[in-house]
Amino acid sequence: MSLRRAKITAVSHYLPERRLSNTDLEKIVETSDEWIFDRTGIRERRVAEKGQATSDLGALGAKRLCQKRGLDPSEIDLIIVATVTPDMFFPSSACLVQTKIGAKKAWGFDLSGACSGFVYALATGAQFIATGAHAKVLVIGADVMTSIIDFQDRATCVLFGDGAGAVLLEPAEDGECGIIDFVLRSDGTGGQYLYMPGGGSLNPSSIETVQKKMHYVHQDGKNVFKFAVRGMVDISQELLAKHKLGPGDLKLYIPHQANLRIIKAAVEKLALDDSQVAVNIDRYANTTAGTIPICLSEAAESKQIKENDLILMASFGAGFTWGSLLLRWEI
Ligand SMILES: CC(C)(COP(=O)(O)OP(=O)(O)OC[C@H]1O[C@@H](n2cnc3c(N)ncnc32)[C@H](O)[C@@H]1OP(=O)(O)O)[C@@H](O)C(=O)NCCC(=O)NCCS
């Protein structure tokens with residue numbers, strides 16, 4: 001069976017209107033705009049409205065994407081939603097998105113890869129195009145992180161925000177542009193450093209799990225930081241070396257937006273210039289599966305990326321999970 005290359009033919013994003021600035025957070029926990037900005041590069045983040053769930057953000061991003069592409073949602077074959085904050089355990093957020101956008105023909109599933117969720121999902125979706133099984137795959141990275149954040153814990157509540165990004169994958173006709181390759185990794189021994197212990201089959205929700213705040217994100221920030229830099233650099237270098245590319249060949253490097261210091265450390269080790277690096281953490285903080293597609297969507301909107309540009313994505317997140325994906329742009 002000959003494989004065909006998948007190409008991103010449309011990209012879009014949706015961010016909730018409500019802004020939560022560092023100054024707003026100063027009124028909630030003992031922190032300061034200065035501390036947050038110096039340690040993370042974050043100025044503000046977006047917060048979903050009450051009752052607005054991951055599938056709502058994803059569906060709004062997907063609707064914009066369909067408009068851009070002039071696509072009737074009923075043409076979509078498959079919907080993959082990367083998220084760690086699904087509306088509920090089941091039905092999947094993919095099923096909820098499917099009905100909200102009217103993608104009558106599509107099947108779908110959620111993918112749990114934390115901050116690497118979008119890169120995992122993009123690589124997964126590309127396989128359905130490569131084999132010829134499907135012609136139109138919608139890949140969404142979306143999270144409502146504020147639904148699992150303890151707003152009394154200053155070490156985590158300043159880091160996250162809500163948002164969604166979406167891309168459409170279709171076969172690349174010329175075989176030149178599109179997704180070239182990817183490297184995906186996981187290491188379960190890292191699970192102890194970033195996790196949400198409550199609400200699953202190990203610790204089903206109870207008054208006790210709620211009292212112990214087990215339904216919130218728990219993190220050992222220092223360890224995550226260390227592994228994140230090393231992981232993102234390793235997989236970026238691996239993919240560049242495999243394709244005999246140097247830093248100068250990249251038009252845009254899209255790192256997961258967890259902390260500007262993580263991004264800067266990785267960028268320095270990769271010998272990239274700041275002008276090659278997508279950064280929007282100052283405005284949206286860490287939207288988990290949303291960060292990379294939101295960056296891509298903004299880069300496409302501002303025409304920062306053009307036909308034939310090489311783009312390298314790199315992510316690191318809970319699991320640990322990490323991944324890089326190389327593509328040649330053309331819309
Ligand atoms: C969380 C993170 C910003 C903390 O930065 P740090 O430089 O490691 O800071 P520390 O955790 O050592 O804390 C230093 C001090 O600041 C304090 N502090 C933590 N959060 C604070 C806040 N929001 N405001 C003010 N002070 C804060 C700590 O209590 C600590 O005080 P102490 O020295 O009196 O004990 C950083 O570790 C990080 O970003 N890690 C990676 C997180 C991440 O990317 N997660 C998602 C992965 S996908």
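Taking the stretch 5-23 as the range and being in contact (Cβ under 8 Å) with a residue 12 or more places away in the chain and surrounded by fewer than 18 Cβ atoms within 10 Å (Cβ to Cβ) as the test, the residues that pass are GLU17, ARG18, ARG19, SER21.
With respect to the stated conditions, ASN280 is surrounded by fewer than 24 Cβ atoms within 10 Å (Cβ to Cβ), within 18 Å of the chain's Cα centre (by Cα), under 17 Å from GLY141 (Cβ atoms) and within 16 Å of the ligand (Cβ to nearest atom).
Could you please find all residues in the stretch 21-61 being away from the ligand (no atom under 16 Å from the Cβ) and either among the small types (Gly, Ala, Ser) or over 24 Å from VAL11 (Cα atoms) (or both)?
If the condition is that a residue be away from the ligand (no atom under 16 Å from the Cβ) and either among the small types (Gly, Ala, Ser) or over 24 Å from VAL11 (Cα atoms) (or both), then ALA48, LYS50, GLY51, ALA53, SER55, GLY58, ALA59, GLY61 are the ones that fit.
Identify, from the list GLY175, GLY190, GLY231, GLY200, the residue that is away from the ligand (no atom under 16 Å from the Cβ) and at pLDDT 95 or above.
Step by step, each of GLY175, GLY190, GLY231, GLY200 is checked, and only GLY200 is away from the ligand (no atom under 16 Å from the Cβ) and at pLDDT 95 or above.
Look at (1) touching a strand residue (DSSP E or B) at 6+ places or on another chain (Cβ under 7 Å); (2) within 20 Å of HIS215 (Cα to Cα) and you find that ALA106 fails only one, number (2).
Taking the stretch 89-178 as the region of interest, the strands (runs of 3 or more DSSP E) fully inside it that hold 3 or more residues being surrounded by 19 or more Cβ atoms within 10 Å (Cβ to Cβ) and within 12 Å of the chain's Cα centre (by Cα) are 137-144, 162-171. If we keep just the residues of the stretch 72-131 that are in contact (Cβ under 8 Å) with a residue 60 or more places away in the chain and of a type in the set (D, E, K, R), which is farthest from the ligand (Cβ to nearest atom)? Restricting to residues being in contact (Cβ under 8 Å) with a residue 60 or more places away in the chain and of a type in the set (D, E, K, R), the top hit is GLU75. Among the candidates SER275, SER302, SER236, the residue that is within 16 Å of the ligand (Cβ to nearest atom) and at pLDDT 95 or above is uniquely SER236.
The values are calculated or read from the model by the stated rules, or taken from the named source; none is laboratory data. Quick caveat: nothing in here was measured; it's all calculated off a predicted structure. Every residue, glycine as well, gets a Cβ built from its backbone with ideal geometry; the counts of neighbours run over all protein chains shown.
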